[in-house]
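Report on the structure given below.
The values are calculated or read from the model by the stated rules, or taken from the named source; none is laboratory data. These figures come from a predicted structure and were not determined experimentally. Here the Cβ positions follow ideal geometry from the backbone for every residue, glycine too, while neighbour counts run over all protein chains shown. Side chains are part of the model used for accessible areas, which takes the heavy atoms of the whole protein and leaves out ligands, DNA and RNA. Shrake-Rupley method; radii C 1.70, N 1.55, O 1.52, S 1.80 Å.
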Amino acid sequence: MEGQRPEVEIFEGFEGMKKLYLRTLESKKEIQCFVQVGKYNPEVLKWLEDNYLPKRIRRGVKLRAILPQEKAAVPFITKAREHLRETRVIPQAQFPFLIEGMIQGERVYFASYAKGGPLVGITIQSRQIAESLTTLFELAWLGAEKFSRPARLKK
């Protein structure tokens, strides 16, 4: 397994979540993610908006996101262009996300930060895992197109 074994890191608590997100700024490659904005822990969301997002924009790291349709996602969608983000919206009842997943280059990230729950994140560095999840993301991205018409967005 030498050279093929995935590298795994676990991040815990608010400080751990910050480290996980800052890790995505080590590369300028696009981030592909799925996330349910309304599930963000308020402390994490505030830090992402006030600290992480400006750094990601300055570094020019683009993001494509698949989001369940919900009120909390509206600002995320309406400010997409200025935040270097492209979004597709899917029905929340049919496709709920309990965690956030991100793929960037040869690394994947999973974060669990539901309101009132534990803050835990995992990164896996593995070309094979990242490529497989990128394939699944692209499949979901194409499928989400049919749900993402502007008339379907609810405020």
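So the values come out like this:
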read-out	value
Qualifying positions in the range 60-86 - of a type in the set (S, T, N, Q) and crowded, with 19+ Cβ neighbours inside 10 Å	GLN69
Check on ILE57, crowded, with 19+ Cβ neighbours inside 10 Å and either out of contact with any strand residue (DSSP E or B) (no Cβ under 9 Å at 6 or more places or on another chain) or under 22 Å from SER132 (Cα atoms) (or both)	no
Of the criteria (1) of a type in the set (Ser, Thr, Tyr); (2) closer than 20 Å to PHE147 by Cβ; (3) out of contact with any strand residue (DSSP E or B) (no Cβ under 9 Å at 6 or more places or on another chain), which one TYR52 fails	(2)
Flag if VAL108 is more than 23 Å from LEU25 (Cβ to Cβ) and touching a helix residue (DSSP H, G or I) at 6+ places or on another chain (Cβ under 9 Å)	no
Count of residues meeting criterion [crowded, with 18+ Cβ neighbours inside 10 Å and among the charged types (D, E, K, R)] in the range 107-125	1
Candidate set: the range 12-27, residues that are open to solvent by 60 Å² or more (accessible area, probe 1.4 Å) and closer than 20 Å to GLY101 by Cβ; chosen: the one farthest from the chain's Cα centre (by Cα)	GLU12
Test for GLN94: is it loosely packed, with under 15 Cβ neighbours inside 10 Å and either of a type outside the set (Val, Ile, Thr) or at pLDDT 95 or above (or both)	yes
Residue count for the range 97-106, restricted to those that are surrounded by fewer than 19 Cβ atoms within 10 Å (Cβ to Cβ) and hydrophobic (A, V, I, L, M, F, W, C)	3
